[in-house]
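Some notes on the structure that comes next.
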Amino acid sequence: MIDKLHVLSVIDDALSGTDKFLVDLKISTDNRINVAIDGDNGIIIDDCVELSRAIENSLDRDAEDFELNVASAGLDSPLKLKRQYKKNVGQELSVTTFDGEHVEGRLVEADDEQITIKQAGRKNAPAEPMHFAYGDIKTAKIIVKF
């Protein structure tokens, strides 16, 4: 089986000094490697290609066959890291907590402890900002509007 620590090390080296960061790494028992990356200024296809080459060049297909997929964390993917929340301040967000509460609104702040969502209010009754600790958030997704 492919060594996950080795792949993590290669990813860390390849992304070091850039605004890109690892969001998720999964390696299945049949050596399917799935890598999701993001960047403070977004991801382009060349970023995925470069990282894919770095990983592939560090592994030996003769010793162990593998399948490799490197992609950007898509708009429909849940936010997983504090850094993702911070880069998406100003976006509309759908948040579900572990308590089952569901809130949609604008992400107005994200610090190291919590996020702040402001729902749309009414003219004479503006909504109060709502705060959610990261540990209370089950899922959070960007609301894509066209």
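The values are calculated or read from the model by the stated rules, or taken from the named source; none is laboratory data. All values derive from a computational prediction rather than experimental measurement. Quick reminder, even Gly has a Cβ in these numbers, built from the backbone with ideal geometry, and neighbours come from all protein chains shown.
Number of residues in the range 22-61 that are under 16 Å from residue 10 (Cα atoms) and touching an Asp or Glu at 6+ places or on another chain (Cβ under 6 Å): the value is 2.
Scanning the range 38-72 for residues that are under 24 Å from residue 143 (Cα atoms) and either assigned by TED's automatic domain parsing to the domain that holds residue 114 or assigned to a strand (DSSP E or B) (or both) turns up 38, 39, 70, 71, 72.
Are any of the residues in the range 81-92 on the phi > 0 side of the Ramachandran plot and touching a residue at least 12 places away in the same chain (Cβ under 8 Å)?
Restricting attention to the range 81-92, the residues satisfying the condition of being on the phi > 0 side of the Ramachandran plot are 90.
With touching a residue at least 12 places away in the same chain (Cβ under 8 Å) added as a condition, the list becomes 90.
Checked the range 81-92: at least one residue is on the phi > 0 side of the Ramachandran plot and touching a residue at least 12 places away in the same chain (Cβ under 8 Å).
Annotation note: of 26, 20, the sole residue that is closer than 16 Å to residue 87 by Cα and not acidic (Asp, Glu) is 20. Only residues that are touching a residue at least 40 places away in the same chain (Cβ under 8 Å) and touching a strand residue (DSSP E or B) at 6+ places or on another chain (Cβ under 6 Å) were counted in the range 67-79, giving 4. Would you check if residue 2 is farther than 30 Å from residue 128 by Cα, part of a helix (DSSP H, G or I) and in contact (Cβ under 8 Å) with a residue 40 or more places away in the chain? So residue 2 fails the test. Taking the listed residues 73, 63, the one that is within 17 Å of the chain's Cα centre (by Cα) and hydrophobic (A, V, I, L, M, F, W, C) is 73, with no other qualifying.
Residue 45 meets each of the listed conditions (1) under 28 Å from residue 107 (Cα atoms); (2) in contact with a Leu (Cβ under 9 Å, 6 or more places away or on another chain); (3) aliphatic (A, V, I, L, M) apart from (2). Sub-8 Å Cβ pairs linking a first residue in the range 134-145 that is touching a residue at least 24 places away in the same chain (Cβ under 8 Å) and among the basic types (Lys, Arg) to a second residue that is surrounded by 13 or more Cβ atoms within 10 Å (Cβ to Cβ) and not in a helix (DSSP H, G or I), at least 6 apart or interchain, are 138/96; 138/97; 141/77; 141/78; 141/79; 141/93; 141/94; 145/92, ordered by first then second residue. Name the residues in the range 92-146 that are more than 22 Å from residue 76 (Cβ to Cβ) and surrounded by fewer than 10 Cβ atoms within 10 Å (Cβ to Cβ), would you? Hits for the range 92-146 are 99, 112, 122, 123, 124, 125, 128, 135.
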